[in-house]
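Chemist: Got a structure here, written out as structure tokens. Questions coming.
Rule-based calculations on the coordinates, nothing more; no lab input. Quantities reported herein were computed from a predicted structural model and do not represent experimental measurements. Cβ: placed from backbone, ideal geometry, glycine included. Neighbour counts: every protein chain shown.
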């Protein structure tokens, strides 16, 4: 399983409890479990959600407007996309027969269940 997904799932659960509205977290969990069961039935193996799966429910519970979900997603990935373009365009890139999945531990900053807070732009100072 994507270790970032494990962390984000925990954040989603804690946020759901904190805001007193578990609807989106419970729906996300139900979809994840149903998908896993169906994949096992059809393919005979496991499938795991990636870090993005719980993002929408977390964004929603943080009060981020729905029309900003895609821009937030894109902003968090733009440097990686740009690096890939540069690598493919200017480096001597070799054909890649399969998706590269690095095996690494997440070492980024974990804000914890109580410290995650979205502040609307109009309320920000600075």
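Chemist: Could you check the simple spin-label distance between residue 76 and residue 33, using points 7 Å along Cα→Cβ, in nm with one decimal?
Modeler: 2.4 nm
Chemist: While we're on this one: Report the full-extension gain for the segment residue 42 to residue 91: residue separation times 0.36 nm, less the Cα-Cα distance, to one decimal in nm.
Modeler: On the way: separation 49, 0.36 × 49 = 17.64 nm, distance 4.01 nm.
Value of the extension gain: 13.6 nm.
Chemist: Further, regarding this structure: State whether the stretch 1-61 is rounded, prolate or oblate according to the following rule on the C-alpha gyration tensor (a ≥ b ≥ c being the square roots of its eigenvalues): a/c under 1.5 gives rounded; otherwise a/b larger than b/c gives prolate, and the remaining case gives oblate.
Modeler: It is prolate, given that a/c is not under 1.5 and a/b is the larger ratio.
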